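The values are calculated or read from the model by the stated rules, or taken from the named source; none is laboratory data. Fair warning: this is a prediction, and the values are worked out from it, not measured in the lab. When we count neighbours, we look across all protein chains shown, and the Cβ atoms used for this are built from the backbone with ideal geometry, even at glycine.
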2 protein chains.
Amino acid sequence: MVNLTWEDQEEKAMASRRNTTPIRDAIDRAVLEALDADSRMTILAISHRTGLARGTVQARLERYERENALRDHSVRIDPTALGLGISAHVAAELDQHRIDVAVEGLRAIPEIVECLAPAGETDLLCRVVARDPDDLYRVSEEIRLCPGILRTRTSMFLRQPIPYRMNQLLATITD
Amino acid sequence: MVNLTWEDQEEKAMASRRNTTPIRDAIDRAVLEALDADSRMTILAISHRTGLARGTVQARLERYERENALRDHSVRIDPTALGLGISAHVAAELDQHRIDVAVEGLRAIPEIVECLAPAGETDLLCRVVARDPDDLYRVSEEIRLCPGILRTRTSMFLRQPIPYRMNQLLATITD
DNA sequence: CATCAGCTAGTCAAACTGATCAGAGTAAGA
DNA sequence: TCTTACTCTGATCAGTTTGACTAGCTGATG
């Protein structure tokens, strides 16, 4: 399964030459809305929900897989269920010569669920989860002690007025 | 089958409430690691991958469902596949008397995939996606024009040194 | 107008699910 | 030590779903 067949490569090349996004029409919207509601829904269930033929749904799912329209890691687990009830941002200021070293160090901290590099004064922005405020302090200390990190600024999230969502965005696909 | 008395039921309820987190042991870790790798994996596939009996996996999945250990909306769709290649934070300063109105307005903007309320100087922090820098400007304008919003500060993400991940966290479950 | 890609609607064998059950191991309490 | 309550295992069974086919239809394109 390692090597791509010639046909696969050709298809990918064609797709990129056509400069289209893998997801474009009303069928994609319907299928993905179903998947967004429950990613474990069976093909047949999606077919019933959307009113599409089973083969169509099956073909689309295969296409998404082929074109990597779906993330490798599906984020279905609620950190709260792991006992990690609070989340926060830790903004880090770096020694600009040691960015890679710093990222390497951060990668080893499990509580960092994501790390972003924004334009602006902050060098790295880490999204972290923790058991409680005390635990959050521990995590932010761990971050501060990573090599190449000069200073950190932690800010806890009090509420999540809009939880992560994809459905509004999917609804905008009109074809 | 003997009927449970009210006391029995109460005791059971107490016991389940005493349970700290729905996810705790090595079995949970294995099952969830499999789900994290591919949330559409069949029960049988998870059973093979983890070496657990099929019934065990089935029982755990039912429990997760019952105890809401999994998020309602699974985030499997890559915004890039929708043609939304850039993401950013828009920090908003609010008229403190009209927070609810502001959130209501933000909810109507599809490009806002998440909105957080951090402790500190920023009132609301919106995670947004957009087609290109020009599109990002449009979205941040839309946010700025929401009722109750006084000022915004947009910062684009240049890189994502650590993409959203759950696996490191799952690996810490030791039982 | 002929071609072609993509959706629909069938079929079939193979795989999977949900619901059982009995048996075994284990932890907690009497 | 002997229950009792749990839970994981391994098994079966009927019903469902999948993957891989088929053929027919339609709209877009050259």
Go through A:GLY55, A:GLY51 for me and flag whichever is without any contact (Cβ under 8 Å) to a residue 40 or more places away in the chain and on the phi > 0 side of the Ramachandran plot.
-> A:GLY51
Of the residues in segment A:43-58, those that are outside any helix (DSSP H, G or I) and near DNA strand D (Cβ under 10 Å from one of its atoms) come to A:ALA53
All-but-one check, B:THR152 against (1) within 11 Å of another protein chain (Cβ to nearest Cβ); (2) more than 30 Å from B:ILE43 (Cα to Cα), failing number (1)
Residue check for B:LEU158: in contact with a strand residue (DSSP E or B) (Cβ under 8 Å, 6 or more places away or on another chain), facing chain A (nearest Cβ under 7 Å) and closer than 30 Å to B:ARG29 by Cα = no
Test: residue in segment A:137-154 that is closer than 17 Å to A:LEU82 by Cα and either of a type outside the set (S, T, N, Q) or assigned by TED's automatic domain parsing to the domain that holds A:HIS89 (or both) | yes
What number of residues within segment A:39-54 satisfy the criterion of being near DNA strand C (Cβ under 8 Å from one of its atoms), crowded, with 16+ Cβ neighbours inside 10 Å and either charged (D, E, K, R) or not assigned by TED's automatic domain parsing to the domain that holds A:ASP28 (or both)?
-> 0
Check whether at least one residue in segment A:123-134 is among the β-branched types (Val, Ile, Thr) and more than 8 Å from chain B (Cβ to nearest Cβ), and report yes or no.
-> yes
Does A:ARG40 satisfy the condition of being at pLDDT 90 or above, within 9 Å of chain B (Cβ to nearest Cβ) and within 12 Å of DNA strand D (Cβ to nearest atom)?
-> yes
